[in-house]
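Each value in this text was obtained by applying a stated rule to the coordinates, not by laboratory testing. Here the structure is a predicted model, which means the values were calculated and not measured. A quick note on method: Cβ atoms are made from the backbone with ideal geometry, for glycine too, and the neighbour counts reach across all protein chains shown.
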Amino acid sequence: MSSPTLGQVLRAAIAQGIADALHLSPRQWKTIRALAVCRTSALGGQLFHCANCRRDHFVAHSCRNRHCPQCQGAMAVDWLERQQAALLPVPYFHLVFTLPHTLNGVVRQNRPVLYKLLFDAACRTLLEFGEGRFKARIGVTAVLHTWSQTLLDHYHVHCIVTGGGVALDETRWIKSSPNYLFPVKALSRMFRGKYLAGLQAHFKAGELKFHGKLIPLANPGAFAALVRQATAPEWVVYAKRPFAGPGQVLAYLSRYTHRVAISNRRLISGDGQSVTFDYKDYADEAKHKTMTLDTAEFIRRFCLHVLPERFVKIRHYGLLGNRKRDERLSRARLLLGTPEPVLSEAPTGPSSDIHAPRPCCPFCRKPALILLRDVAPARPRHIKIADSS
């Protein structure tokens, strides 16, 4: 297959029994099967007829799984529309907090606990710097990423941070420099301290599990040695160039919020036995290169990034925290002298879509499609495969 979709790669692997040898967890299997049947007749769909060229056109249903590259675009648009009202007319900064690869094995076997700890350590670091340096409550939106360009473990959070915040006494807005937020080295050291302290607390509470080659780490001495090894290097906190404005923030978030591991556009070819894809080699000036993996190894690497069930990968803190968020944002706009956003209401009622444009025919490109009927799935659906959490 030339330029295959992820769904095509997975369908071929399942049909050939390649995925059976991978010993995937039930959740990973559920995700793989969902992505494999996305936008195929297996999920049913709708049959349209073109009034212009007289041809029929079948539109298959999507799987709505949050790991699916074919579905994430629409999910990102919906999410962004809900977030627009939270944007403020201030500079926004982009920081990335990364865990050292020394901890990859422990994180892989304790994902829910240690993913949450990554969020908490990074965002508490930012909030404390905001309170200490600005005497203000800043806003943070954090997005979890778990992969490298080659689909291996690379645990990090992207944080979008407001340039300043509401004073702790709520009397004024305290702004930051438009080009500088916090010193990166100091952020790195506080982040490292918070994460390792939390890691040790989880170990002492018996909340970490160790399997296979990591069983020796259940011994306190061996675990302490791992922590010392992780403490030695400086941890990576990367501050990117600040955004030019709220519009740039939305453009960035639309690319990153709902991405998981790999997009269809990076897939170059697949012959059933191997998959070739494009990646950026950041160790070589971010040059584009290609990598070919056995299909089984490609699927194994992709499955490393299937999120725990109901785990929230986009979180808000400080000024943007969910509790009383609207009240805090209203106060921030008042202090900034910015009017409240006007929220458009979707029309309701049976006549709301009378004047909506018809979808275009893929054959003649005319907006002349007429819905003929719904089409039932081509096979029984024994399990619920959607996972939009």
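Beyond 29 Å in Cα-Cα separation lie the following of the pairs Lys194/Lys289; Lys116/Lys204; Lys30/Lys194: Lys194/Lys289; Lys30/Lys194. Computed on the Cα atoms alone, the convex hull of region 97-138 gives a volume of 64 cubic angstrom per residue.
The local environment of Gly7, defined by Cβ-Cβ distances under 11 Å, has a net charge of +3 under the rule Lys, Arg +1 and Asp, Glu -1.
Across region 1-104, Cα-Cα distances exceeding 24 Å account for 52% of all pairs. With coordinates expressed along the principal axes, the C-alpha atoms belonging to region 187-334 extend over 60, 46, 33 Å, beginning with the largest.
Does region 138-183 come out rounded, prolate or oblate by the C-alpha gyration tensor, with a ≥ b ≥ c the root eigenvalues, rounded set by a/c under 1.5 and, if not, prolate when a/b is larger than b/c and oblate if not? Walk me through the numbers on the way to the answer.
Values: a/c = 5.03, a/b = 2.74, b/c = 1.83.
Prolate, since a/c reaches 1.5 and a/b exceeds b/c.
In whole percents, the pair-distance distribution calculated for region 137-269 from its alpha-carbon pairs, binned every 10 Å from zero, is 9, 27, 31, 22, 10, 1.
Divide the volume of the convex hull around the Cα atoms of region 261-323 by the residue count and you get 148 Å³ per residue. Across all C-alpha atoms in region 194-275, the radius of gyration and Dmax reach 20.4, 51 Å.
The value for region 1-60 of Rg(Cα) / (2.2 N^0.38 Å) is 1.49. Over the chain, the fraction of Cα-Cα pairs per 20 Å bin, rounded to whole percents and listed from the shortest bin up, is 23, 51, 25, 1. When cysteine pairs in the chain are screened for C-beta atoms closer than 4.7 angstrom, the residues that find no partner are Cys123, Cys159, Cys303, Cys360.
Centroid-to-centroid, using Cα positions, region 184-223 and region 131-149 are 21 Å apart.
3J(HN,Hα) couplings calculated from phi for region 366-371 with the Karplus curve 6.51 cos²θ - 1.76 cosθ + 1.60 (θ = phi - 60°) are, in sequence order, 9, x, 10, 6, 10, 6 Hz; Gly and Pro show x. For the residue pairs Lys135/Lys313; Lys135/Lys175; Lys240/Lys280, alpha carbon separations beyond 20 Å are given by Lys135/Lys313.
Distances between every pair of Cα atoms in region 79-221, grouped in 10 Å steps from 0 to the bin holding the largest one, split as 10, 36, 30, 17, 6, 0 percent.
Residues whose amide H falls under 5 Å from that of Ser274, counting only those 5 or more places apart or on a different chain, are Thr295, with hydrogens built in the peptide plane.
Taking the radius of gyration and the Kirkwood hydrodynamic radius from Cα positions alone, what is the Rg/Rh ratio for region 56-123, to two decimal places?
1.12
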